[in-house]
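As structure tokens, the structure follows; a few thoughts come after it.
The values are calculated or read from the model by the stated rules, or taken from the named source; none is laboratory data. No experiment lies behind these values; they were computed from the predicted model shown. Reconstructed Cβ throughout: ideal geometry from the backbone, glycine too, with neighbour counts over all protein chains shown.
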Amino acid sequence: MSVLLRILMLVGAVSLLIFMLKRIRQSKLKIEYAVFWIVFSAVLVFMGLFPYVFYMISDLIGFQSPINMIYLVIIFILIVKLFLTSLQISQLENKIDNLVQKIAIENRLSEERKEPEETEAEK
């Protein structure tokens, strides 16, 4: 891995870490979601500091170049994260639909209760 690539990886990882910590402090990101990104940036820092570990792993697995393995691992991790986020969004949309339906039913029932009272008051 070239020195330039290692420096770029370190700068990117540290920037991501600083950005995540800043968002947590501003209460714009929950800690449980930020843990993934902090761990992800820590792995990138580890890759930048100790690239020879990934040289050995890529040789064991049979990759021609360690950077190909790194790209593959990063893409795989991000696809899994995207899938888990999609699951969470789907669950939240289902909860919203259920809440909207419950509110609509409650509003309809309260309107039906008011209508008989109004007709009795008119008599």
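Taken together, the residues in the range 57-84 that are farther than 18 Å from V39 by Cα and either hydroxyl-bearing (S, T, Y) or in contact with a helix residue (DSSP H, G or I) (Cβ under 6 Å, 6 or more places away or on another chain) (or both) amount to 5. Y33 passes every criterion in (1) closer than 20 Å to L10 by Cα; (2) assigned by TED's automatic domain parsing to the domain that holds R6 apart from (1). Within the set F63, F46, the sole residue that is hydrophobic (A, V, I, L, M, F, W, C) and either assigned to a helix (DSSP H, G or I) or modelled with pLDDT under 85 (or both) turns out to be F46. Against the definition (surrounded by fewer than 10 Cβ atoms within 10 Å (Cβ to Cβ), over 17 Å from the mean Cα position of the chain (by Cα) and of a type outside the set (G, A, S)), how does L72 come out, yes or no? When the stated conditions are applied, L72 does not pass them. Here L5 meets the list (1) out of contact with any Gly (no Cβ under 7 Å at 6 or more places or on another chain); (2) without any contact (Cβ under 8 Å) to a residue 40 or more places away in the chain almost entirely, failing just condition (2).
For every residue, the table says whether it meets (1) loosely packed, with under 11 Cβ neighbours inside 10 Å; (2) touching a residue at least 40 places away in the same chain (Cβ under 8 Å); (3) not charged (D, E, K, R).
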position	(1), (2), (3)
A13	no, no, yes
S41	no, no, yes
F46	no, no, yes
D59	no, no, no
N107	yes, no, yes
E111	yes, no, no
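F36 satisfies every condition listed in (1) at pLDDT below 80; (2) surrounded by 14 or more Cβ atoms within 10 Å (Cβ to Cβ); (3) in a helix (DSSP H, G or I); (4) under 16 Å from the mean Cα position of the chain (by Cα) except (1).
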